[in-house]
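The values are calculated or read from the model by the stated rules, or taken from the named source; none is laboratory data. In this text the structure is predicted, and so the values were computed from the model without any measurement. Neighbour counts run over all protein chains shown; Cβ positions are idealised from the backbone, glycine included.
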Amino acid sequence: MPRIGVFVCQCGNNIESTVDTQKVADEAKELPGVVYSCSYKFMCSSPGQEMFKQAIKENKLDGIVVSACSPHMHEKTFRRASEAAGLNPFQCEIANIREQCSWVHHDPTKKVGTAKTMDLTRMTIQRLKKNRDLTKITIPVTKRALVIGGGIAGIQAALDIADGGHEVVIVEKEPSIGGNMARLSETFPTMDCSQCILTPKMVEAELHDKISLYTYSEIEKVDGYIGNFKVTIKRKAKFVDESTCTGCGECWEKCPFKAESEFELGLSKRKVIYTPFPQAVPNIPVIDKTKCPKILKDKCGLCAKVCGPQSIDFTQEDQIVTEEFGAIIVATGYDLMPKTRFGEYGYGKITDVISGMQFERLASASGPTGGAIRRPSDNTEPKSIVFIQCAGSRDEKRGVSYCSKICCMYTAKHTMLYRHKVHDGQAYVFYMDIRSGGKRYEEFVRGAIENDGAMYLRGRVSRVYEKDGKVIVQGADTLSGSQVEIEADMVVLATALVSRSSATTLAQTLGIGYDKDKFYNEYHPKLKPVETVTAGVFLAGTCAGPMDIPESVSQGSAVASKALALFSSDKMAREPITAIVNTKTCNACWDCVNSCPYVAITKEEVKDRRGNVVRMLAKVNDGLCQGCGVCVCACRSKAVDLNGYTDEQVYAAIATF
Amino acid sequence: MGKMEKELREKAKELLESGEVAVVIGYGFNRRKTRVTPVFITDPAETDKLVFNALCVNNLSIYLTRKYKDVQRIGRPAIVAKGCDIKNIVVLITEGQVKREDVYIIGMTCEGVAYKQELLKEKLVPEIMPVKCHNCDVRNPHVTDTVIGEKSDFTPPEEPTGMVFDKIKQIESMTATERWDFWNEHFTRCIKCYACRQLCSLCYCEQCITEKNMPQWIETSAHPRGNLAWNLIRAMHLAGRCTFCGECERGCPVNIPLNLVNQKLVLTVKNAFDFESGYDENVHPPMIVFKEDDKESFIK
Amino acid sequence: MSEEAKAETTDSKESFEPKIMAFVCNWCTYAGADLAGTSRMEYRPNVRIIKLPCTGRIDPLFIIKAFENGADGVLISGCHPGDCHYTTGNYHARRRWIAFKDLLDFTGIDMSRVHFSWVSASEAIKWVELINNVTDDISALGPFMDFKRLNKKEAE
Amino acid sequence: MTDRYISKESLGTLITTVNKSGGRFVAPVLDARQVVYKEVASIEPVVDDYILPRNSYKEVAFPQTEVIYKYELNRAGVTIDPVEIEARETIVFGARPCEAASLASLNSVFTWDFIDETYTKREERVVVLSVGCINADDECFCTTVNLSPKSTTGSDVALYETDNGYIATPITDKGKAFVKTYSASFADTPKGEKRKELIDPEKIEGVDLTKLGETLAKTENYDNPKWAELTRKCCGCGACTYSCPTCHCFDITDEGTAFEGERRKNWDACQFDHFTLHASGHNPRDTQYKRYRNRFMCKFHIYPTKFNSTGCVGCGRCIRVCPVRLDITELMEAMSK
């Protein structure tokens, strides 16, 4: 016979006002297996906990039911206390009699609440009788982190982890790290130059002896689980030997062929052998194999001829490497909404309608115009620019439903940059709302309006068209209630931030979720903002949704602290709520394998002494299993069960109903 | 039929003599030559025992499952299988119970069999054929190592027809109470002999859910409550897998119309998930996969 | 089974208090029910919750067993499609229910006794309305005598 | 006691009288397209054109499932609430002579050491009115096991069909008492009413029960490869055992909710693969032919040696019901060699 103790909490008056806890305790004592019961004012208080532990010891209890608040509140507390009193923590169960009883049934006679509490307590007692001792699962940890994406969030994460003493690999799909931030001119609200603050970090990452940069590389496959990931990485052929290249630039100086520069967003050309931008890290060029005549038809080869250290190698092939990691940090950043979605603003049709990011390049000292604001069409200085905010954002029908968050701020910045560079230029801004929450952000916007003369017009733009070398913008000024028409020289769209086009593929590779906009899902949006449902995979920066540089950097540091916490011991412990397979009754039909959301179940061969396979069995990998229980229902012979929610436990609860 | 039998016997002999297979699982006559019963031929000299006719209603694919350790011990089998039987073999392959290369399938073209052997008097007439035969799209067997018999040019009706489908429609038009009464009258008769399960090659579990007793989900007693639970759960376990071979109903000693429940779920799965079982061994059964846009209207 | 006796002697449906068993997932509906409590909302007391990690863990057997044990109704609820804590558990569950619901319906189990719902962690109001509606529905139907009678019939 | 006569009309009265006096009248009726023994309240549903009902009438004394007691779990432990065995007078009408011999076998099993009152109390009140067969089918083999449509073993009253009724020959004291109690339903045989000729099913030549017994007694035959050859097709369902009039295995199981429930005695079948499964996971009868061998040994070796009775009455139900057409007589023949 078990020796069960039942502790009914009054929670001050929170439970007691609608539940006669003493009566519940008395009735519980009459149930088979219950040897101790009591009602107490605050079970979670220090004296309550002491009493709890004392009662366990004095009555030699081997199972505990605490009828109190939701297990989401204090299950951990009471399990810890049970453990302290010498019990297996999983022999303690909570009956939720506050959130799901006393607080929702307001019967002052206490009849309803007491009856339901008794039922809930009884069900929990019966369930508890079927509980098994469980021990936390320990998993060895490979103390090495993979950072996917070498933007500012990824760089920050890598630097912090590396400074903590652990190896980091940054996988970046472009030839250089730096990400979107490398494109920016100045940054709000301090107006420091983006390159000036980013480049040192990029270099620091390159020089850090714990950080390896795998640029021009992509993730192919991820196997394993927290602490033990096995990642296959494709390192695309650069056709340049990284070990000997000095980055002197002779090759791209001499290369006679040009292509559209991805980095400059079509505002200028680059060579076919190129680094994306002058401050690239690593400063090693790659050959665009889709454009290089040498590779395509064995003509030219000039770069190889001029290369001093003979680093050019046209025969290089993509390399597939497999490495082990303990944690994976996803910092893949964002894309801009494609041109095709802004027909009404003339984007893509009218040359002088550009995106905010293109404007950043115009304003950037290292950009195609050397920092001078020039119209793309005729390279003249625009005397008036219309900035249109929310281009695609907050527009469920044609764009995305969310706010891209950074546009209000960077548009204000653009108007300032414009006025600083073109003193007689007039900036107009069409906006829906100005969202400038953040330290010194509101002051920054006010500065744009008050000091730099930006004309803010609240309203939507209805039409943009070209007339006599001007871009005509028609729109509404809802504050004055009048229609306005502006003859502008140029239009800048604050285009929406969207998730990477490759976001879903990577999510499937990693086994993480994404929302309707394909931004990655946090484990919990408030309390676990950088974790994902797949343990050991963390999120930093804009891959989880729009955010600005300070936030991305904070997240980079946050994931680093998560990774460092994981790496702080050789083994990690996990809740033992995982599936188990009964090897006697498994039919090897693989329904569990095929329905597992985590690829946590594998096919195992059972061999005889001679090494012949005698049968196959499903095997659960404790490291990967998250304990959802989908496999349990998929198994017809009930050979799979779920620790913590076993068939016997559920059955016992139903049978008590 | 004579020609088919001759071909079959020759093929069986050849397979056994060459050692390609160790046993041919097929049909043979009983002592009085009135009924057909499964036979296991291991001796090439005995292949003359093999017959094929309208009495060959049994789905022999059960003998390929792990339950029949004794049959497995003999060695690689060849199986005499009609198209409908092959559907079950296909599911067994999908679910990892049989490896395709581990069985030699002697596909028999078929013009239909009797619903029950007792019904066959002299000649096979449509009235005594099961509904599956009238709607059969695999009279020319679809997954085989060899095919025996002339090609059948039978084309099944576009919309499946027959008693089972009519009855399903009729039951669907009943009130819930009428349906409840209908099924309870039938399920109450259940004697828990598990012939339905044993004849079903897809019920290959070595431990059936009824045999799991910690906890005992399904009451083993043959009382109406236990019977209902058993029949519901068996139907559910076959959802998306059942090929409508009809063996469970044929074997039921108390004439429970099991075809109705199973076919009902076949239709549900076809309508809801656009899946039909038994055709492609490389497609996962529908109940363990999902689509994000699976349609339903009852989850509020 | 005193409950059953009580149900049978119950003359008016007014005094009948149905027993409803709810199987809910830990992350969405259970948390939603908690929120209803934290917000001090009020609802009918007839439902007893059994918490599972995910709707994917809810076996059709649970529903049958609940009825066998005297439930007058069953409620099943979890995260909305796309919101599953385990990414896809509720999609698996939904498939199972589509088939199982058809089966139950076909065998004559009154589908107004089996309710399926998506209730998120923030939908306390939905939870309250759901419980009240389900309780009303099942109260109107009266005790599930069809099933309870099965216990009595004996093969003699 | 001399032969009496009961007309079909009087049979109807008999049925209502038995029912009125609180007894059960069990007779062959048509249910779900097959003839089965069922309790009847009137003669209407009773059929007379049948070989054998699908089920065995052993059910009247040994029901497929029955509550043997109820229990309650409480702080004190377990409280047991015994169930009164309902032993009503039960008249089984229309039993075939072969099957009538079966209760004797069951009696010996249920009384050989422990007296199983759940069975005996019912069995004591069963009156078997057998009706001699005028038809047989391919599956009948009573003559092969030394019974015949003429046999009266196990019958309390042997009935023989006439054109309009039955000639009743009371066999046992129970039978005589029955005829006396319900004498109103019985009369002298009217003129012209003659027993229809009973059929005499052909004996299967190759079967020799003595030899068969000897073969089975020899331990070396236990591993005779014939067992596997002839019975590996057995699909392991319980159709044969649950139709068999002499199969008697049962299982005890508890069913209930958390704090109360009932203990049940349910039929079990040695053909099920879990029948002999040990808690250790070991199963001494690990393949189907071993299970079939057990059933066969039980009928033709264990019964005869232990109880001096045959365990098989030759009713042929197991052959008719078998979904894979496993024919017990083929095995009898093979083992007689």
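What the table shows:
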item: Subset of the stretch B:220-236 [free of Cβ contacts under 8 Å to residues at least 40 places away in the same chain, more than 7 Å from chain C (Cβ to nearest Cβ) and surrounded by 24 or more Cβ atoms within 10 Å (Cβ to Cβ)]; result: B:SER221, B:GLY226, B:ARG234
item: Test: B:PRO257 is within 18 Å of the chain's Cα centre (by Cα), surrounded by fewer than 24 Cβ atoms within 10 Å (Cβ to Cβ) and not aliphatic (A, V, I, L, M); result: yes
item: Residue within the stretch A:626-641 that is of a type outside the set (Lys, Arg), surrounded by fewer than 17 Cβ atoms within 10 Å (Cβ to Cβ) and in contact with a strand residue (DSSP E or B) (Cβ under 8 Å, 6 or more places away or on another chain) present; result: no
item: So B:GLU185, is it at pLDDT below 95, in the same structural domain as B:LYS11 (by TED's automatic domain parsing) and surrounded by fewer than 18 Cβ atoms within 10 Å (Cβ to Cβ); result: no
item: Answer from B:TRP217, B:TRP180 - the residue that is without any contact (Cβ under 8 Å) to a residue 60 or more places away in the chain, within 14 Å of chain C (Cβ to nearest Cβ) and assigned to a loop (DSSP other than H, G, I, E, B); result: B:TRP217
item: Scan of the stretch A:619-637 for residues that are facing chain C (nearest Cβ under 9 Å) and either under 23 Å from B:LEU202 (Cβ atoms) or over 29 Å from the mean Cα position of the chain (by Cα) (or both), ordered by number; result: A:VAL630, A:CYS631, A:VAL632, A:CYS633, A:ALA634
item: Residue check, A:VAL606 surrounded by fewer than 22 Cβ atoms within 10 Å (Cβ to Cβ) and among the β-branched types (Val, Ile, Thr); result: yes
item: Options C:ILE131, C:ILE64, C:ILE138, C:ILE58; residue that is within 12 Å of chain A (Cβ to nearest Cβ), crowded, with 23+ Cβ neighbours inside 10 Å and over 30 Å from A:CYS592 (Cα atoms); result: C:ILE131
item: Failed criterion for B:CYS205 (all others in (1) part of a loop (DSSP other than H, G, I, E, B); (2) buried (at least 18 other Cβ atoms within 10 Å of the Cβ); (3) within 11 Å of chain C (Cβ to nearest Cβ) hold); result: (3)
item: Residue ID - nearest to B:GLU17 (Cα to Cα), chosen from residues in the stretch B:63-95 that are in contact (Cβ under 8 Å) with a residue 12 or more places away in the chain and among the basic types (Lys, Arg); result: B:ARG76
item: Qualifying residue in the stretch A:577-584 (condition: out of contact with any Pro (no Cβ under 8 Å at 6 or more places or on another chain) and surrounded by fewer than 16 Cβ atoms within 10 Å (Cβ to Cβ)); result: yes
item: Any chance B:GLY96 is of a type outside the set (A, V, I, L, M, F, W, C) and either in the same structural domain as B:VAL283 (by TED's automatic domain parsing) or buried (at least 21 other Cβ atoms within 10 Å of the Cβ) (or both); result: no
item: Those residues of the stretch A:77-106 which are within 14 Å of another protein chain (Cβ to nearest Cβ) and not in a loop (DSSP other than H, G, I, E, B), in sequence order; result: A:GLU93, A:ILE94, A:ALA95, A:ASN96, A:ARG98, A:GLU99, A:GLN100, A:CYS101, A:SER102
item: Residue list for the stretch A:318-347, filter: over 30 Å from A:LEU265 (Cβ atoms) and not in a strand (DSSP E or B); result: A:GLY326
item: Residue satisfying all of: in the stretch B:27-42; at the interface with another protein chain (Cβ under 9 Å from one of its Cβ atoms) and in contact (Cβ under 8 Å) with a residue 40 or more places away in the chain; nearest to D:THR231 (Cα to Cα) among these; result: B:VAL36
item: Number of positions in the stretch A:12-27 that are within 47 Å of the chain's Cα centre (by Cα), within 13 Å of another protein chain (Cβ to nearest Cβ) and either within 18 Å of A:THR124 (Cα to Cα) or buried (at least 24 other Cβ atoms within 10 Å of the Cβ) (or both); result: 3
item: Boolean, A:ILE139 is of a type outside the set (S, T, N, Q) and at pLDDT below 95; result: yes
item: Qualifying positions in the stretch B:114-127 - more than 14 Å from every other protein chain (Cβ to nearest Cβ) and either within 16 Å of the chain's Cα centre (by Cα) or not charged (D, E, K, R) (or both); result: B:LEU124, B:VAL125, B:PRO126
item: Some residue of the stretch B:108-117 being at pLDDT below 95, part of a helix (DSSP H, G or I) and not assigned by TED's automatic domain parsing to the domain that holds B:GLY251; result: yes
item: Cβ pairs under 7 Å, 6+ apart, first in the stretch A:482-505 and in contact (Cβ under 8 Å) with a residue 60 or more places away in the chain and surrounded by fewer than 21 Cβ atoms within 10 Å (Cβ to Cβ), second in a strand (DSSP E or B) and hydrophobic (A, V, I, L, M, F, W, C); result: A:GLU487/A:ILE472
item: Lone unmet requirement of (1) farther than 19 Å from A:THR656 by Cβ; (2) part of a helix (DSSP H, G or I) for A:THR109; result: (2)
item: Residue check for C:LEU52: without any contact (Cβ under 8 Å) to a residue 60 or more places away in the chain and more than 7 Å from chain A (Cβ to nearest Cβ); result: no
item: Residue identified as in contact with a Leu (Cβ under 9 Å, 6 or more places away or on another chain), within 22 Å of D:GLY314 (Cβ to Cβ) and crowded, with 16+ Cβ neighbours inside 10 Å among D:LEU209, D:LEU159; result: D:LEU159
item: Residue within the stretch A:200-221 that is surrounded by fewer than 16 Cβ atoms within 10 Å (Cβ to Cβ), on the phi < 0 side of the Ramachandran plot and among the aliphatic types (A, V, I, L, M) present; result: yes
item: C:ARG95 without any contact (Cβ under 8 Å) to a residue 40 or more places away in the chain and buried (at least 21 other Cβ atoms within 10 Å of the Cβ); result: yes
item: Among the residues listed as A:VAL473, A:VAL429, A:VAL484, A:VAL445, the single one being farther than 20 Å from A:PHE519 by Cβ and in a helix (DSSP H, G or I); result: A:VAL445
item: Condition met for D:PHE272 (more than 18 Å from the chain's Cα centre (by Cα) and hydrophobic (A, V, I, L, M, F, W, C)); result: yes
item: The stretch D:251-279: number of residues that are away from chain A (no Cβ under 14 Å) and in contact (Cβ under 8 Å) with a residue 60 or more places away in the chain; result: 6
item: Failed item, numbered, when B:TYR68 is tested on (1) away from every other protein chain (no Cβ under 14 Å); (2) aromatic (Phe, Trp, Tyr); (3) within 22 Å of B:LEU238 (Cβ to Cβ); result: (1)
